[in-house]
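Asker: Submitted below is the structure of interest, expressed as structure tokens.
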Amino acid sequence: MNTTTAVAPLTIQDADALVAAAQRAAEAADVTISVTVLDAGGHLLAFRRDDRAVLISGETSTRKAYTALQLNAPTADLVDAVQPGGLFHTLPTALDRPLLFIAGGVPVHRGGRLIGAIGVGGGAPAQDHGFATAARETLA
């Protein structure tokens, strides 16, 4: 007997909705951002950088999304783990693909399964986390 329930993957429509929701949240706070959405395999589904957002925010949003996806946890929850003595202290330098342990990346779940991640860069870390979380909460 198969007890596995199929869960719809993150679609391009979902990704566009996540980007739009993050941008609305940032605009309400008068912050310019970059937003990255990855599918469960770590593939880019959507990316948007506001015209006035700092250039590095594009890279940070992507790395935050990748980190949240790989560890299935909000990057805000992982900051202490990479400090000296922390559980993941050596992880930032252990992999070929760089992780970024700054708030702003959150995993996206559907039906209890990990289907992707969103990363936001450009604001203060707490702001980025708030924008990403607000966007994720709009996804049905």
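Computed from the coordinates by the stated procedures, all read-outs in this text should not be read as laboratory data. Predicted model only: the values in this text are computed from it and were never measured. Here the Cβ is made from the backbone with ideal geometry for all residues, glycine too, and neighbour counts use every protein chain on show.
Asker: Please build a GNM for the chain, connecting alpha carbons under 10 Å apart, and tell me which residue among Phe101, Phe47, Phe88 fluctuates the most.
Answerer: Phe88
Asker: How large is the convex hull of the C-alpha atoms of segment 32-84 per residue, in Å³? Mind dumping the intermediate values first?
Answerer: On the way: hull volume 4.4 nm³, N = 53.
Looking at segment 32-84, the number lands at 82 Å³ per residue.
Asker: Counting each DSSP H run of 4 or more residues in the chain as -39500 (n - 2.57), what helix-only mean residue ellipticity at 222 nm follows after dividing by all residues, to the nearest 500 deg cm²/dmol?
Answerer: -11500 deg cm²/dmol
Asker: On full extension of the chain, what length is gained from Glu59 through Arg24, given 0.36 nm per residue of separation minus the C-alpha to C-alpha distance? Present the calculation step by step, with values, prior to reporting the outcome.
Answerer: Numbers: separation 35, 0.36 × 35 = 12.60 nm, distance 2.04 nm.
Using 0.36 nm per residue and subtracting the Cα-Cα distance, I get 10.6 nm.
Asker: Next up: Farthest toward the dipole's positive end in the chain, which of Gly123, Pro107, Pro9, given Cβ charges of +1 (Lys, Arg) and -1 (Asp, Glu) about the Cα centre?
Answerer: So the residue furthest toward the plus end is Pro9.
Asker: Hey, another quick one. To the nearest Å, what is the center-to-center distance of segment 12-53 and segment 104-126, using C-alpha atoms only?
Answerer: The distance from the Cα centre of segment 12-53 to that of segment 104-126 comes to 10 Å.
Asker: Suppose a student asked you for the relative contact order of the chain, using Cα pairs under 8 Å spaced at least 6 residues apart; what percent would you report?
Answerer: Numbers: 303 pairs, mean separation 41.1, N = 140.
Contact order relative to length: 29 percent.
Asker: Right, next: Please state the charge dipole magnitude for the chain, taken about the Cα centre, from unit charges on C-beta atoms (+1 on K and R, -1 on D and E), reported in debye and rounded to the nearest 20.
Answerer: On the way: 10 positive and 13 negative charges, 44 e Å.
Taking the Cα centre of the chain as origin, the dipole is about 220 debye.
Asker: Right, next: What would the Debye equation give as log₁₀ I(q)/I(0) for segment 1-58 at q = 0.16, 0.17, 0.18 Å⁻¹, counting only Cα atoms as equal point scatterers?
Answerer: -0.56, -0.61, -0.66
Asker: Then there's this: What is the projected area of the convex hull of the Cα atoms of segment 74-140, averaged over all directions, in nm²?
Answerer: On the way: hull surface 20.8 nm².
For segment 74-140, averaging the hull's shadow over all directions gives 5.2 nm².
Asker: Regarding the chain, what's the average projected area of the Cα-atom convex hull, expressed in nm²? All intermediate terms of the calculation are to be shown ahead of the outcome.
Answerer: Details: hull surface 37.0 nm².
Here the figure is 9.2 nm², rounded to one decimal.
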